[in-house]
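No value in this document is a laboratory result; all are computed from the given coordinates. Computed from a predicted structure; not experimentally measured. Please note: Cβ atoms are built from the backbone with ideal geometry, for glycine as well, and neighbour counts cover all protein chains shown.
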Amino acid sequence: MPRFLPITAPKRPTSTKKRTALTATTAALAVLAVGTPVAYATLGDEAPAASRSTARAAASRGKDYIETRLLFGTERPDGGPAVTDRQFLAFVDEEVTPRFPNGLNIQDGRGQWRDSQGVIGRERSYELTLLYPASEARVRDTQVERIRDAYEKAYAQDSVARIEERTTADF
């Protein structure tokens, strides 16, 4: 006849440290079990509705603009004296402001480029930022090109760099 052993309950931890560790482990597993589906749900491809509405509100707030940045070097390739702050600001007053009276921004900079002989040149420079409605792009393009040509001629420059981006702006 087979012999059966009596079934006994597993021994429970007897020390307080073991009970505390077991309780902490159980609590941590419960948090992970509840939190994991929520975390994965927020990783979907779509942004939450609140984020989408905030993005739409920000986009509707601005209007379509063109941001044109012009980079003006100050060293003269012909060896003449560098363009001074006074000369550059006079150029802005005479050539830029009449074409863009609504405003502009000027920042001082340091430029670097490689010339046609492969030599690296460095110079003090100015970055001029113009912002105008996208609907005026055709007219403004001609004005920007006249500014570039005028600076190249006035200060014997090889070029004035032009960077342009569509953007939205709100004033």
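Can you find a residue in the stretch 110-122 that is in a helix (DSSP H, G or I), surrounded by fewer than 11 Cβ atoms within 10 Å (Cβ to Cβ) and charged (D, E, K, R)?
Step one: filter the stretch 110-122 for residues in a helix (DSSP H, G or I), giving none.
Checked the stretch 110-122: no residue is in a helix (DSSP H, G or I), surrounded by fewer than 11 Cβ atoms within 10 Å (Cβ to Cβ) and charged (D, E, K, R).
Restricting to the stretch 65-85, name every residue that is over 24 Å from the mean Cα position of the chain (by Cα) and either of a type outside the set (D, E, K, R) or part of a strand (DSSP E or B) (or both).
Our first condition is that a residue be over 24 Å from the mean Cα position of the chain (by Cα); within the stretch 65-85, this holds for 73-85.
Of everything in the stretch 65-85, those that are over 24 Å from the mean Cα position of the chain (by Cα) and either of a type outside the set (D, E, K, R) or part of a strand (DSSP E or B) (or both) turn out to be Gly73, Thr74, Pro77, Gly79, Gly80, Pro81, Ala82, Val83, Thr84.
What number goes with the only condition from (1) within 16 Å of Gly79 (Cα to Cα); (2) assigned to a strand (DSSP E or B) that Ser159 does not pass?
(2)
List, please: which pairs have Cβ atoms under 7 Å, are six or more places apart or on different chains, and start with a residue in the stretch 104-129 that is without any contact (Cβ under 8 Å) to a residue 24 or more places away in the chain and under 18 Å from Val83 (Cα atoms) and end with one that is in a strand (DSSP E or B) and of a type in the set (S, T, N, Q)?
Taking only residues 6 or more apart or on different chains, the pairs are Arg110/Ser125; Arg122/Gln112.
Filtering the stretch 157-171 down to residues that are within 15 Å of the chain's Cα centre (by Cα) and over 27 Å from Arg124 (Cα atoms), which residue is surrounded by the fewest Cβ atoms within 10 Å (Cβ to Cβ)?
Residue satisfying both the conditions and the ranking: Arg166.
Which one of these is of a type outside the set (D, E, K, R), in contact (Cβ under 8 Å) with a residue 60 or more places away in the chain and not in a loop (DSSP other than H, G, I, E, B): Thr168, Thr142? So that I can check it myself, show each step before the final result.
On the way: Thr142 fails: in contact (Cβ under 8 Å) with a residue 60 or more places away in the chain.
Selected residue: Thr168, the only one of Thr168, Thr142 that is of a type outside the set (D, E, K, R), in contact (Cβ under 8 Å) with a residue 60 or more places away in the chain and not in a loop (DSSP other than H, G, I, E, B).
Would you pick out the residues in the stretch 132-146 that are among the charged types (D, E, K, R) and surrounded by fewer than 16 Cβ atoms within 10 Å (Cβ to Cβ)? Quick ask: steps written out before the conclusion?
In the first step, residues of the stretch 132-146 are kept if they are among the charged types (D, E, K, R); the result is 136, 138, 140-141, 145-146.
Scanning the stretch 132-146 gives Glu136, Arg138, Asp141, Glu145, Arg146.
Mind listing whichever residues of the stretch 86-109 are among the hydrophobic types (A, V, I, L, M, F, W, C), in a helix (DSSP H, G or I) and within 11 Å of Gln143 (Cβ to Cβ)? Explain how you work it out, then say what you get.
Of the stretch 86-109, the ones among the hydrophobic types (A, V, I, L, M, F, W, C) are 88-92, 96, 100, 104, 106.
Those still in the list that are in a helix (DSSP H, G or I) too: 88-92, 96.
The answer is Val96, and nothing else.
Take the conditions of a type in the set (Ser, Thr, Tyr), surrounded by fewer than 16 Cβ atoms within 10 Å (Cβ to Cβ), in contact with a Gly (Cβ under 8 Å, 6 or more places away or on another chain) and in a strand (DSSP E or B) and apply them to Thr129. Does it pass?
Numbers: of a type in the set (Ser, Thr, Tyr): yes; surrounded by fewer than 16 Cβ atoms within 10 Å (Cβ to Cβ): yes; in contact with a Gly (Cβ under 8 Å, 6 or more places away or on another chain): no; in a strand (DSSP E or B): yes.
Spelling it out, it is not the case that Thr129 is of a type in the set (Ser, Thr, Tyr), surrounded by fewer than 16 Cβ atoms within 10 Å (Cβ to Cβ), in contact with a Gly (Cβ under 8 Å, 6 or more places away or on another chain) and in a strand (DSSP E or B).
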